[in-house]
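Nothing in this text is a laboratory measurement; each read-out follows from the coordinates by a stated rule. Keep in mind that what you see is a predicted model, and the values were worked out from it rather than measured. Note that each Cβ is placed from the backbone with ideal geometry, even for glycine, and that neighbours are counted across all protein chains shown.
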């Protein structure tokens with residue numbers, strides 16, 4: 001019988017959007033040893049190698065895996081650059097029969113073990129995985145590219161004002177540009193910028 005409800009939180013909030021929380025339960029290893037029903041488990045993976053670990057599990061053990069990722073823009077010295085990272089750093093999910101496969105899973109490349117608390121093993125409802133899969137699609141990637149609105153704070157990622165913060169004063173959608181107001185050398189300056197050259201500081205939450 002499942003018990004001890006807990007939540008795994010994603011890193012999505014760090015890229016300027018909603019964080020994603022996955023509800024989980026735990027089941028005793030003794031219970032799992034007596035069932036032949038495949039369940040979804042949370043696996044600890046080598047950081048930065050979650051997607052590769054999932055690929056190895058699929059190829060070597062032919063089990064269903066889910067390793068969602070997030071795609072987002074980030075300011076760098078080269079300007080705004082797209083990054084792809086694990087939605088749940090250090091974790092991925094796999095569906096298998098615990099009694100028959102957990103040892104092989106734990107010894108698969110990039111896997112550091114099945115998440116557990118003593119004798120209690122973390123499991124997920126298949127509906128939770130299905131819901132998140134609908135959002136990520138076949139590529140298992142969610143792209144965070146929030147719309148910019150008037151009054152929103154942004155950081156300029158490219159050009160002579162790179163690194164400065166500004167406030168959007170006007171949208172120019174036909175030209176994919178915006179007008180922003182920024183503080184430069186002690187005075188307020190309004191200028192026009194290409195939309196891809198700015199990054200929202202506070203994104204608008206999608207309900």
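For 37, 123, 76, the sequence from fewest to most other C-beta atoms within 10 Å is 37, 76, 123. Distance between the C-alpha centres of the stretch 57-85 and the stretch 125-180: 17 Å, rounded to the whole angstrom.
In this rough spin-label picture, where each label sits 7 Å from Cα along the Cβ direction, the residue 179-residue 135 distance is 3.7 nm.
Relative to the present Cα-Cα distance, how much length would full extension add between residue 60 and residue 192 at 0.36 nm per residue of separation? Don't skip to the end; give the middle numbers.
On the way: separation 132, 0.36 × 132 = 47.52 nm, distance 5.33 nm.
Working it through step by step, the gained length comes to 42.2 nm.
State, to one decimal in nm, how far the label point of residue 34 lies from the label point of residue 170, with both points 7 Å from Cα in the Cβ direction. Label-label distance for residue 34 and residue 170, simple model: 7.3 nm. Computed extension length for residue 103-residue 117: 3.4 nm, one decimal, from 0.36 nm per residue of separation with the Cα-Cα distance subtracted.
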